[in-house]
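Peer 1: My questions all concern the structure below.
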Amino acid sequence: MLTAPPSRAGRNLPVAIGVGVGLGAALLLSLFLQKELFGLLVMAGVVGALVELRGALARVRIEVPLLPILVGSVGMLVSAYLVGAEALLVAFILTAGGVVVWTVIDVPGVRALRNASAALLVTAYVPFLASFLALALSADDGVWRVLLVVALAVACDTGGYAAGVAFGRHPIAPSVSPKKSWEGLAGSLLAGVLVAWPMATSLLGAHWWVGVVVAIVGVFAALVGDLGESLIKRDLGMKDMGSLLPGHGGVLDRVDSLLMVAPVAVTLLAVLVPAS
């Protein structure tokens, strides 16, 4: 039997596109039907990413306590949405302290230090960064802010992926992510600007340059997020964090860019286009 050679894209495109469209539809429905539903969607993504990351770390005998991080995740998301940035910071500090105490009591000795350090990284990496979406959502025009941030992250991934597949020749960090190229970065910049510029002006009433600035900074944040997750997977000897999303890998494989874009873009928009 003849089998089709693997595409340069390295994934099943029809399946990946179908899953992407489904996720996009769920996001839009949650935002425009009842924006609190989007918070539940974010929480579901946080839970999926935490479970994946905990399982990945367990492969190298690093034990991360899931229960206190999950409880703290709910606290961070709710605090960010209902109260604001100060409450989010307090919730993060309380969660971090609780996670450290839980880990030290559960596993004494040198392993406790390693496990506690990993647990703090997981807490900061997933729920804390994701809570910036809840922070943006709490504004009167929060739906549009969240939509812009998510669209920018998707544009970074899509533009970089398309340009990388078509033109990628010069890797940015071959030892970390051989497929991430400078040509792909240029595609991300172009796609990011083309998305953020009109959305910032039409949805938020911002000056044209605001969308450009947010796009440029967001693209480099997305690059850091992508390379950061690739470095974690390389250290753990994994190709994908999971298989929950066919054509994409795991939840964390899908949201790694968004986790870094969210705090940067949300903060920039809050400074450059203060909510009324």
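Peer 1: Could you tell me the ratio Rg/Rh of the stretch 156-276? Both radii from Cα atoms, Rh via Kirkwood.
Peer 2: 1.02
Peer 1: Cut-off 19 Å, label point 7 angstrom out along Cα-to-Cβ of Leu67: give me the residues of the stretch 119-134 whose amide nitrogen falls inside.
Peer 2: Only 119-120, 123 fall inside the zone, counting backbone N under 19 Å.
Peer 1: Among Ser188, Ser117, Ser175, which one shows the biggest mean-square fluctuation in a GNM of the chain, springs joining Cα atoms closer than 10 Å?
Peer 2: Highest fluctuation among the options: Ser175.
Peer 1: Follow-up question, since we're still on this one. What relative contact order, as a whole-number percentage, does the chain give when Cα pairs under 8 Å and 6 or more residues apart are counted?
Peer 2: For the chain, the relative contact order is 20 percent.
Peer 1: For the stretch 80-91, what does the Karplus curve 6.51 cos²θ - 1.76 cosθ + 1.60, with θ = phi - 60°, yield as ³J(HN,Hα) per residue in whole Hz, taken in order and with x for Gly and Pro?
Peer 2: With the stated coefficients, the stretch 80-91 comes to 5, 6, 8, 10, x, 5, 4, 5, 4, 4, 4, 4 Hz.
Peer 1: Moving to a separate point now. So, in nm, how far is label Ala162 from label Leu29 when the simple model puts each one 7 Å beyond its Cα toward the Cβ?
Peer 2: For the pair Ala162/Leu29, the computed spacing is 2.6 nm.
Peer 1: While we're looking at this one, here's another question. What residue among Gly24, Gly184, Gly160 shows peak mean-square fluctuation when the chain is described by a Gaussian network model with Cα springs under 10 Å?
Peer 2: Largest GNM mean-square fluctuation: Gly24.
Peer 1: Between Leu190 and Ser175, 0.36 nm times their residue separation minus their Cα-Cα distance comes to what?
Peer 2: 2.8 nm
Peer 1: For the pair Trp208/Asp240, report the inter-label distance in nm, with labels modelled 7 Å from Cα in the Cβ direction.
Peer 2: 4.2 nm
Peer 1: Starting from the stretch 20-108, pick out the trypsin sites (Lys or Arg not before Pro) whose DSSP state is loop and whose Cβ has at most 10 other Cβ atoms within 10 Å.
Peer 2: Arg59, Arg61
Peer 1: In Å, the Kirkwood hydrodynamic radius of the chain over pairs of distinct alpha carbons?
Peer 2: For the chain, inverting the mean 1/r across all distinct Cα pairs yields 19.4 Å.
Peer 1: Still on this model: Using DSSP to define loop residues, name the trypsin sites (Lys or Arg not before Pro) in the stretch 84-177 whose beta-carbon has at most 16 other beta-carbon atoms within 10 Å.
Peer 2: Passing both the DSSP loop test and the Cβ count: Arg169.
Peer 1: Compute the distance from the alpha-carbon center of the stretch 58-123 to that of the stretch 187-226, in whole Å.
Peer 2: The two parts, judged by their Cα centres, are 32 Å apart.
Computed from the coordinates by the stated procedures, all read-outs in this text should not be read as laboratory data. Predicted, not measured: the structure shown is a model, and the values here were computed from it. For neighbour counting, all protein chains shown are included, and Cβ atoms are generated from backbone atoms with ideal geometry for every residue, glycine included.
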